[in-house]
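**Student:** The structure under discussion is supplied below as structure tokens; questions concerning it will follow.
Read the figures in this text as sums done on the coordinates, not as results from a lab. Computed from a predicted model, the values in this text were never measured in an experiment. Because the Cβ atoms are built from the backbone with ideal geometry, glycine has one as well, and the counts that use them run over all protein chains shown.
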Amino acid sequence: MTENKTKTVEMTCICCPVGCALKAEILADGRVQVTGNKCPRGAAYGEKELISPTRIVTSTVRVAGRKDAVVGVKTASDIPKEKIMECMKALRNITVTPPVAIGDVVLKNVADTGVDIVVTRGIRE
């Protein structure tokens, strides 16, 4: 006899300021059911968060020639949650040389995700 097992996760939707309390379940037949959402974006968020959660990573990297100076960077888009630590490890070895502008790529394809790391604040010479 087969058991009807489901996977259930409760979360707060972050798509808008409402912050709906979502319940997302993988049903025994493989379908995903999301409840508690007040809009379609919440349903999509709940399903994605249950199946393959992703995050935008923000951090800093060193600035060459400036003692104790750093500049803000982030992933250009979201990456799989399980790749965050690998991404942070890669950023430890990055140093930028001014000038840098917002959007400049400082690391391509971080952690083999296909996503670049970009500067979030420009620095002049």
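**Student:** With each label point set 7 Å from Cα along the Cα-Cβ vector, what nm distance links E82 and R62?
**Tutor:** 3.2 nm
**Student:** Put +1 on the Cβ of every Lys and Arg and -1 on every Asp and Glu Cβ in segment 7-51; which of G30, T8, A43 then has its Cα farthest towards the positive end of the dipole?
**Tutor:** Value: A43.
**Student:** So what J values fall out for segment 108-125 if you push phi through Karplus, 6.51 cos²θ - 1.76 cosθ + 1.60 with θ = phi - 60°, rounded to Hz, Gly and Pro as x?
**Tutor:** Rounded to whole hertz, the list is 8, 6, 4, 6, 6, 9, x, 10, 8, 9, 10, 6, 10, 8, x, 10, 7, 3.
**Student:** Order these by the 10 Å Cβ neighbour count, fewest first: L22, L91.
**Tutor:** Ordered by Cβ neighbours within 10 Å, fewest first: L91, L22.
**Student:** Treat every Asp and Glu Cβ in the chain as -1 and every Lys and Arg Cβ as +1, leave all other atoms uncharged, and give the resulting dipole magnitude about the Cα centre to the nearest 20 debye. Please report the intermediate quantities before stating the final value.
**Tutor:** Values: 19 positive and 14 negative charges, 83 e Å.
About 400 debye.
**Student:** Next up: If you average the sequence gap of Cα pairs under 8 Å that are 6 or more apart and divide by the length of segment 58-119, what percent do you get for the contact order? All intermediate terms of the calculation are to be shown ahead of the outcome.
**Tutor:** Details: 101 pairs, mean separation 22.7, N = 62.
Rounded, it is 37 percent for segment 58-119.
**Student:** Considering amide H positions built from the backbone, and no H for Pro or chain starts, which residues 5 or more places from C20, or on another chain, come under 5 Å of its amide H?
**Tutor:** C13
**Student:** Please compute the alpha carbon radius of gyration of segment 58-119, then divide it by the globular-protein estimate 2.2 N^0.38 Å. Two decimals is fine.
**Tutor:** Numbers: Rg = 11.3 Å, N = 62, 2.2 N^0.38 = 10.6 Å.
For segment 58-119, the normalised Cα radius of gyration comes out at 1.07.
**Student:** Let me ask something else. Considering the convex hull of the alpha carbon atoms of the chain, report its projected area averaged over all viewing directions, in nm², one decimal. List each step's numbers first, then the result.
**Tutor:** Working: hull surface 40.9 nm².
Convex hull of Cα atoms, orientation-averaged projection: 10.2 nm².
**Student:** Applying a 10 Å radius around every beta-carbon, put 100-107, 44-51 in order of their mean neighbour count, most first.
**Tutor:** Result, highest mean Cβ count within 10 Å first: 44-51, 100-107.
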